[in-house]
Amino acid sequence: MLNFKHLHYFRTVAKTGAVNRAAEKLHLTPQTLSGQISAFEARLGTPLFRRSGRRLELTDAGRMALAYADEIFQVGAELEDALLHRSGTLRAPFRVGVADAVPKGVAHQLIAPALALPEAARLVCSENRLERLIADLAIHRLDMVLADRPLPPNTDVRGYSHLLGECGIGFFSTPELAAQLQGSFPRCLHAAPLLLPGEESALRAPLLRWLERQDIAPTVVGEFDDSALMHAFGAAGAGAFPVPMTHEVAAALPPRLSLLGETQEVRERFFAISVERRLRHPAVLAISEAARLTLFARPPTTDRADASAALRDAARPARPVQ
């Protein structure tokens, strides 16, 4: 069985980067602490540290061990808090990983229903590359991953992708830039300065293919992994930029932006990735249900022009869609 005292000693040394400083915090002699670390490494059968000058650096095994140690001691602290405050309103953590390609407005609208449950969870939200988040999901450091693509087929992780919804794409710009563009949408994008999602975004490839089919060659002036940063540059006038056309996301854009037009031929999709084939976690179920009923619901009309008009009204446009 794992020696948790040794794990605590290891974690302290890893955090301080030196045996002497860790020994002072633990009220041990450096010789005693070094012996305990050596015994821990012998028990695990692999070195956890390597020396770099006067400092100790973690090996690959050491970094893995530290990630687990952080999780173990965090859970231990939560257990202690729960037992000490059993009559209180301590909330269980709901850990969500958000892929960095997912627009922040969409992520907020999707996750928010989890906080409205009668027994609301304590949200722990982290953002990273999808591959890193999937690795954390595999070792149960996350309850769910929110992504703009399903689980990659070449991954070794056993997980399941649950489609939350999809929507068309709108193109926005400042009114000043919109006034300089020639022709109706989408022709007005030809030779126009355009901001694109980065290569990690699932939207990028279909967006480029759509532009090619329309025989439109914009001037790409920027590429962004972070959608919020792309929106900030677009709002400053750097170029037109694509936005998923949900009611909430379009309405949350700065009011001075103009909607150049929208297309349903390019669809942005969003997924909840979990280790469950059938969703059971109450917070994930709330997210899935809210996405289906509200975020990705089209306006209650049967005419596409009327639906587009409703979205444009939500986005406060300055330029009509042709």
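Here, each number is a calculation from the coordinates, and none is a lab measurement. Note that the structure is predicted; figures quoted are calculated from it, not measured. Counting neighbours? That spans all protein chains shown, and the Cβs are built from the backbone with ideal geometry, glycine included.
Can you tell me what share of the DSSP beta bridges in region 91-322 is antiparallel? A percent to the nearest 5 is fine. Display every interim value, and only then the final one.
Details: 19 of 35 bridges.
Among the beta bridges of region 91-322, antiparallel pairing accounts for roughly 55 percent.
Among rounded, prolate and oblate, which fits region 4-84 when a ≥ b ≥ c are the square roots of the eigenvalues of its C-alpha gyration tensor, a/c under 1.5 means rounded, and a/b larger than b/c means prolate?
Prolate, because a/c is 1.5 or more and a/b exceeds b/c.
Please work out, to two decimal places, the log10 of the ratio I(q)/I(0) at q = 0.10 Å⁻¹ from a Debye calculation in which every Cα of region 73-231 carries one identical scatterer.
Once normalised to I(0) and log-transformed, intensities are -0.52.
Using Cα atoms only, what is the angle between the long axis of helix 60-84 and the major principal axis of the chain, expressed in degrees (0 to 90) to the nearest 10?
Rounded to the nearest ten degrees, it is 90.
Quick check: from the Cα gyration tensor, does region 176-264 come out rounded (a/c under 1.5), prolate or oblate?
On the way: a/c = 1.35, a/b = 1.07, b/c = 1.26.
Since a/c stays below 1.5, the shape of region 176-264 is classed as rounded.
Order the peptides 96-102, 181-187 from the highest to the lowest mean number of other Cβ atoms within 10 Å of their residues.
Working: 96-102: 23.6, 181-187: 15.3.
Top of the packing list down: 96-102, 181-187.
Short version: ³J(HN,Hα) in whole Hz for each residue of region 183-191, in order, from phi by Karplus 6.51 cos²θ - 1.76 cosθ + 1.60 (θ = phi - 60°), x for Gly and Pro, what are they?
With the stated coefficients, region 183-191 comes to x, 8, 6, x, 4, 5, 7, 5, 6 Hz.
Show me 67-79, 274-286 ranked by packing, highest mean number of other Cβ atoms within 10 Å first. Show your work: numbers first, answer last.
Numbers: 67-79: 13.3, 274-286: 15.8.
Top to bottom by mean Cβ count within 10 Å: 274-286, 67-79.
Using +1 at the Cβ of each Lys and Arg and -1 at the Cβ of each Asp and Glu in the chain, identify which of 193, 222, 153 lies farthest towards the dipole's positive end.
Checked the options; the winner is 153.
In cubic angstrom, how much convex hull volume per residue do the alpha carbon atoms of the chain span?
Numbers: hull volume 60.5 nm³, N = 322.
Looking at the chain, the number lands at 188 Å³ per residue.
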